[in-house]
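K.L.:
Once you've had a glance at the structure underneath, I'll fire off some questions.
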């Protein structure tokens, strides 16, 4: 993949410190010796047709690349086999030359909940932290963003993105195999930073909020989506072990607590724009993600509770401005 346009965009945004580090970071992350499956995944990507799409649409529920008639039935069958080789697919949906890639998450539902509340993305430089395979990055580009950068430390997610981008063709959207701690301090480069489904995985939520803040330009917007619980100021759930079968869940605050954290970190105009209980229609097992999903992690006798007896997943979307 040609990353030169990304480096140019970062230099233009006065984020040259990161642009200077990135070639070495990417070379290390994409070293075949670092992951046993990397060469296999890259072979799957290289074997699909590059930019064969006659039409793309990034503003639809299923990110649409190509039309069914762009490929023969045999070509579509081969493409589906290559896509299946990158199982499991967590975030979507995608429609690829008529192939419906129905991922574990209906990520379009989350986008629908936030898109009318956020500041316009047109001509903006956007960062999506913990972006998975980049589904929301494509939706951000479809909303008019100038350049979208996603970061996710899981290499399979990055490979899935690269497969989609190969089918789509060149575009100012990138998913990089990095964690937020690998970005330079005090970049202050992005007009908008998204952190969706990340905060509760961090051992220090305050540190994560401060990391996000230093990435934003003054006046930039944070879009934060996370698990929350009911309650007033100061209320936080810290699971003793697992939460909905996840080991790496550390802090689930109330909305009032979360707003307090944001204020303490220097954000202004923090506000909750959506609270939604996660349903087994939004997160579920599919052909493209055949492992256990949410339905297996709820109390079979009481779906208001997880199997651990904790409140079932409810998520809030919070917007805050960088003061």
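Read the figures in this text as sums done on the coordinates, not as results from a lab. Predicted model only: the values in this text are computed from it and were never measured. No Cβ is skipped: glycine too gets one built from the backbone with ideal geometry, and neighbour counts run over all protein chains shown.
K.L.:
For the chain, give me the percentage of DSSP beta bridges that are antiparallel, rounded to the nearest 5 percent.
P.N.:
Among the beta bridges of the chain, antiparallel pairing accounts for roughly 55 percent.
K.L.:
Using only helices, what value at 222 nm comes out for the chain when you add -39,500 (n - 2.57) per DSSP H run of length 4 or more and divide by the total residues, to the nearest 500 deg cm²/dmol?
P.N.:
Calculated from helices alone, the mean residue ellipticity at 222 nm is -8500 deg cm²/dmol.
K.L.:
From the C-alpha gyration tensor of region 245-289, pull out the three semi-axes of the equivalent ellipsoid (sqrt of 5λ each), sorted largest to smallest, in whole Å.
P.N.:
30, 14, 9
K.L.:
How big is the chain along each principal axis, measuring the range of its Cα positions in Å and listing the largest first?
P.N.:
57, 52, 40
K.L.:
Still on this model: Select from 117, 35, 168 the residue whose mean-square fluctuation is largest in a Gaussian network model of the chain (Cα-Cα springs shorter than 10 Å).
P.N.:
Of 117, 35, 168, the Gaussian network model singles out 35 as fluctuating most.
K.L.:
Restricting to Cα atoms and excluding each atom paired with itself, what does the Kirkwood estimate give for region 39-91 in Å?
P.N.:
Computed over Cα pairs of region 39-91, the Kirkwood hydrodynamic radius comes out at 12.3 Å.
K.L.:
I've got another one for you. May I ask what percent, to the nearest 5, of DSSP beta bridges between residues of region 182-323 are antiparallel?
P.N.:
Bridges in region 182-323 are about 75 percent antiparallel.
K.L.:
For residue 122 and residue 305, what is the calculated FRET efficiency with R₀ set at 56 Å and r taken between the beta-carbons, to the nearest 0.05?
P.N.:
That gives a FRET efficiency of 0.85.
K.L.:
Anyone know which of 89, 109, 138 comes out most mobile in the 10 Å Cα GNM of the chain?
P.N.:
Taking springs between Cα atoms under 10 Å, the residue moving most is 109.
K.L.:
Pick from 61, 230, 108 the residue whose mean-square fluctuation is largest in a GNM of the chain, springs joining Cα atoms under 10 Å.
P.N.:
Looking only at 61, 230, 108, the biggest GNM fluctuation is shown by 230.
K.L.:
Just how many % of Cα pairs in region 47-205 lie over 26 Å apart, if you round to the nearest whole percent?
P.N.:
Within region 47-205, distances greater than 26 Å cover 25 percent of Cα pairs.
K.L.:
So for region 1-146: antiparallel DSSP bridges make up what percent, rounded to the nearest 5?
P.N.:
50 percent
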